[in-house]
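Colleague: Have a look at this one before I ask anything.
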Amino acid sequence: MAATHRRSPLLVTVSTALVLLWVVIAAFPFLWTLWGSFKVQADFFSLADWRNALRGTFTMAQTGSAFTGQGYEGAWVQEEFWRAAMNTMIVVVCVVIISLTFGTLGGYALARSGFRYTFWLLMIALVFRAMPHITLVSGYLLPFFQWNVWGHLPTAIIVLVAINQPFTLWMLHSFFLNIPKDLDESAMVDGCTRFQAFRHVIVPVMWPGVITTGLFSFLLAYNDFAVTAMLLSQQNQTMIPKIASFLGSTQVEGNVMFAVAAVISATAPLFVLILFFQRQIVSGLTAGAVKG
Amino acid sequence: MKHRTFFWFIFPSALAMILFIALPVVSVFIQSLHVEHEQVLRTVENCGPFGCTQETVVDRAATQELRDAKPLGRFAGLSNYTDRNHLAFSELGVMWDRSDSFADFTRRAMTLPFWRAMAFTLTFTFVVTPLVLTLGLAIALGVNSLPRVFRGPTIFVSLLPMIVTPLIGSLILFWMVDSRGVLGAGLQTLMNDPTLSLKASPTLTWIMLMVYGVWSSAPFAFIVFYAGLQTVPEEPLEAAMIDGANRWQRIRYVVIPHLMPLAVFITLMQLMDNFRVFEPIVGFQAQAQATSLSYNIFNYLRGDAAQFGAAATTSMLTILGVVVLLTPVLIRTWRDFNRKRS
């Protein structure tokens with residue numbers, strides 16, 4: 001901007017201070033918890049002095065070194081967090097693949113059809129998107145008990161796919177609107193059917209949008225608590241309900257540290273995700289906005 | 001696109017949504033008209049050395065049989081909606097008559113589960129949303145004036161609170177504000193009150209939950225506003241500068257109007273997401289001081305004696321709330337759509 005060189009030093013200082021403050025607020029909780037996850041409970045939740053968490057007084061006394069992997073060992077080995085991690089992986093991969101397949105087909109159709117019902121479908125999808133997930137869960141439980149499908153991974157997967165659809169449709173719809181109509185229409189003039197045009201002309205150019213949408217489908221499935229907590233049985237639990245169940249047994253010394261370690265373990269994949277896909281996430285967040 | 005082709009393209013997606021979103025809503029509605037069976041009672045006579053006594057016991061087998069035969073429970077009409085756990089009209093009427101001031105009435109009404117949850121949900125929604133907009137805009141303006149090298153890392157760090165699982169995010173903050181955690185201990189020192197606990201007071205709990213709400217949603221507003229700032233046209237800014245506008249006036253009269261459509265978008269998303277606030281209450285273990293509509297539903301469904309009727313009724317009322325919240329948006333979009341067509 002042309003105005004850059006005319007900024008007063010005061011303004012620069014204030015805005016830099018504000019941003020710095022925000023960066024600390026955003027990052028410090030994560031760094032602190034990461035640091036604390038390698039301590040014992042008496043240090044991380046210190047009765048006497050919070051600086052114990054920094055010095056690791058009790059960690060030294062109990063384990064002989066300033067850092068300990070006890071929390072991680074307890075969570076992953078003793079409480080079998082790896083099982084939950086596996087379940088999460090299965091659920092997330094299936095949800096992303098299925099919702100993208102359904103979503104690209106539906107989103108493409110919505111973007112290319114100009115009839116009035118397209119609008120109504122999109123509006124209904126918007127209302128569905130706004131519905132709290134737990135309200136739907138209260139509708140599932142009774143029928144699922146009756147049909148004996150409660151507690152299994154495929155049930156949770158298909159439910160998450162359905163809950164994901166409104167968002168996926170909206171996002172891919174606005175994305176397909178940006179691909180010129182002439183592209184597939186000229187293929188149809190050359191004798192392709194609609195599906196062939198989609199398959200050979202649109203599919204090769206749609207990947208940026210699909211990857212962005214896929215990231216958000218991933219986040220929805222990964223971050224879900226309401227559906228997975230209510231619809232999965234104990235041994236099929238995914239990571240987030242598992243962490244919640246750690247909290248129930250906090251009375252026992254050391255168990256809170258299991259939860260802390262599990263929380264850090266579950267955050268790590270998200271951290272890596274931002275590291276590699278920051279650009280796509282940012283463009284996905286703004287995609288809906290630019291359309292208005 | 002022909003109707004037929006359109007149908008086949010949309011079919012898998014529509015089927016999934018009909019089966020797992022539309023039908024469950026119907027199922028919720030039907031469930032909301034039913035209540036659980038009462039336990040089957042049986043009178044038995046116990047005869048011992050000191051004579052016989054009549055005793056009423058629960059016939060477990062018969063109760064179970066009845067529950068298995070009709071899992072929905074018995075039909076109750078709209079009584080679920082008007083009972084004490086939901087709209088509670090009669091209780092509210094009594095309270096209104098008995099209370100001497102409006103404050104007293106509100107205090108009494110806060111003992112009703114539905115209204116208590118409604119009060120928190122609405123407060124949360126309408127406090128967090130404007131704060132998120134303001135803070136997001138402030139950060140976006142700040143980052144925009146930073147040298148380019150710092151922008152990427154700032155965005156990276158900012159994405160963390162937003163992308164992290166809500167339950168995990170709230171747990172991380174909860175452990176820090178615990179009276180034995182770093183922030184909790186810091187506050188105690190700051191306030192010079194060693195017994196200060198954020199969990200004990202309803203006001204502090206509400207504030208804590210809202211701070212979490214702003215912390216986790218501000219990045220979204222920031223990113224969207226930041227993207228918008230990159231597209232602010234150069235000419236009006238320069239024109240404003242020539243006309244003698246200072247920096248604040250330029251922001252107020254050029255930048256903010258340009259960002260208005262984005263603000264509407266963020267508001268819409270935030271209203272939807274904040275209205276279903278749920279995980280923070282579980283994470284902060286705040287249910288004693290604050291409950292939301294979603295939390296109430298979760299609570300009814302949990303445990304061995306799930307109250308499907310009560311959960312379904314709260315769900316129906318929540319869905320109603322969502323529709324009311326969205327109506328202005330739907331009307332606006334309808335107008336836009338028609339304008340584009342004509």
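The values are calculated or read from the model by the stated rules, or taken from the named source; none is laboratory data. What you see is a predicted model; the values in this text were computed from it and never measured. Heads up, the Cβs are rebuilt from the backbone with ideal geometry, glycines too, and the neighbour counts pull from every protein chain shown. The protein model used for the area step is the full one, side chains on, heavy atoms only, and it has no ligands, DNA or RNA in it. Shrake-Rupley method; radii C 1.70, N 1.55, O 1.52, S 1.80 Å.
Colleague: Determine ³J(HN,Hα), in whole Hz, for all residues of segment B:267-273 in sequence, where each value follows from phi through the Karplus function 6.51 cos²θ - 1.76 cosθ + 1.60 and θ = phi - 60°; x replaces Gly and Pro.
Modeller: 4, 4, 4, 5, 4, 5, 6
Colleague: Using a Gaussian network model on chain B with a 10 Å cutoff between Cα atoms, which of B:F265, B:F174, B:F308 fluctuates the most?
Modeller: B:F265
Colleague: What aspartates and glutamates does B:K2 reach when the alpha-carbon gap must be under 20 Å and sequence neighbours fewer than 8 apart in one chain are set aside?
Modeller: A:D182, A:D184, A:E185, A:D190
Colleague: Also: To the nearest whole number, what is the average tally of beta carbon atoms from other chains within 10 Å of the beta carbons of peptide B:138-148?
Modeller: Mean number of neighbouring Cβ atoms from other chains: 5.
Colleague: Output wanted: per-residue J couplings in Hz (rounded whole) for segment A:113-119, from phi through Karplus 6.51 cos²θ - 1.76 cosθ + 1.60, θ = phi - 60°, x for Gly and Pro.
Modeller: Couplings: 9, x, 6, 5, 5, 4, 4 Hz.
Colleague: Moving on. Under 5 Å between amide hydrogens, which residues at least 5 positions from B:H34 or on another chain qualify, with H placed 1.01 Å from N in the peptide plane?
Modeller: B:A76
Colleague: When only Cα pairs under 8 Å and 6 or more residues apart are kept, what is the percent relative contact order across chain A?
Modeller: Relative contact order here is 26 percent.
Colleague: Further question on the same structure: Express in whole angstrom the spacing between the alpha-carbon centres of segment B:98-121 and segment B:29-49.
Modeller: When both Cα centres are located, 33 Å separates them.
Colleague: Where does helix B:3-17 land angle-wise versus the long Cα axis of chain B, in degrees 0 to 90, nearest 10?
Modeller: Computed tilt is about 60 degrees.
Colleague: Also: As I understand it, the value is the acute angle between the Cα axis of helix A:255-291 and the longest principal axis of the Cα atoms of chain A; what does it come to in degrees, rounded to 10?
Modeller: 30
Colleague: With the other protein chains left in place, how much accessible area per residue, in square angstrom, belongs to segment A:134-277 at a 1.4 angstrom probe?
Modeller: 39
Colleague: Ordering B:H86, A:H152 from largest to smallest accessible area (1.4 angstrom probe), what's the sequence?
Modeller: Sorted by accessible area, descending: A:H152, B:H86.
Colleague: Using alpha carbon centroids, what distance separates segment A:229-249 and segment A:145-216, in Å?
Modeller: Cα centroid to Cα centroid, the span is 31 Å.
Colleague: Let me ask something else about it. Read phi for every residue in segment B:277-291 and hand back ³J(HN,Hα) as whole Hz from Karplus 6.51 cos²θ - 1.76 cosθ + 1.60, θ = phi - 60°, with x for Gly and Pro.
Modeller: Karplus values, whole Hz, x for Gly and Pro: 3, 8, 4, x, 5, 5, x, 7, 6, 9, 4, 6, 9, 8, 10.
Colleague: A follow-up question, please. Using a 4.7 Å Cβ cut-off, which Cys residues in the protein assembly as shown lack a partner cysteine?
Modeller: Taking the Cβ cut-off of 4.7 Å, the unpaired cysteines of the protein assembly as shown are A:C94, A:C192.
Colleague: Now for a separate question. Expressed as a rounded percentage, what relative contact order does segment B:81-157 have, with Cα pairs under 8 Å and six or more residues apart?
Modeller: Value for segment B:81-157: 20 percent.
Colleague: OK, next. Any idea what the relative contact order of chain B is, in percent, if you count C-alpha pairs under 8 Å spaced at least 6 apart?
Modeller: Result for chain B is 23 percent.
Colleague: Next up: Counting Lys +1, Arg +1, Asp -1, Glu -1, what net charge surrounds B:V128 among other residues with beta carbon under 15 Å of its beta carbon?
Modeller: -1
Colleague: Count, for each residue of B:102-111, the Cβ atoms from other chains sitting within 10 Å of its Cβ, then give me the mean as a whole number.
Modeller: 0
Colleague: Please work out how much accessible surface B:T327 shows to a 1.4 Å probe, ignoring ligands, DNA and RNA, in Å² rounded to 10.
Modeller: 50
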